Amino acid sequence: MTPGAPAEPEYALDYSLKCACSSGKTAVWVDCELVEALSAENARTLLDYHHRLEGEHKKLVVVHASEEIQQELLHWRLVPGLCFVPTLFDAAWQSGLRMVA
């Protein structure tokens, strides 16, 4: 996740998102490729950071999320603007990065 992450796994997502948000980038990518399900706490954390980033005119991009994870996030609250993409290339595109072939 990130260097110096906390030892307690329940704080790892929050810590990683906090680090990513302070990076100065215009988007934060969350890769869910290895995630089978989200706990209610992790869903709340992602949505809280989504709203925080929106307030800063930045974007949270959720990559490789299964249909179940997408539904969990969308069902939790009405979340306009939450961005789901199937690949890291699409995440770069959504973030305004243009890849050179």
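The values are calculated or read from the model by the stated rules, or taken from the named source; none is laboratory data. What you see is a predicted model, and the numbers here were worked out from it, not measured in a lab. No Cβ is skipped: glycine too gets one built from the backbone with ideal geometry, and neighbour counts run over all protein chains shown. Calculation scope for accessible area: heavy atoms of the full protein, side chains included, ligands and nucleic acids excluded. Shrake-Rupley method; radii C 1.70, N 1.55, O 1.52, S 1.80 Å.
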What pairs can you find where one residue is in segment 11-37 and over 14 Å from HIS50 (Cβ atoms) and at pLDDT below 90, the other is open to solvent by 100 Å² or more (accessible area, probe 1.4 Å) and outside any helix (DSSP H, G or I), and their Cβ atoms are less than 6 Å apart, with a gap of 6+ or different chains?
-> ALA12/MET1
Find all pairs meeting these conditions: Cβ atoms under 8 angstrom apart; at least six residues apart or on different chains; first residue within segment 68-95 and among the acidic types (Asp, Glu); second residue part of a strand (DSSP E or B) and modelled with pLDDT of 90 or more.
-> ASP90/VAL63
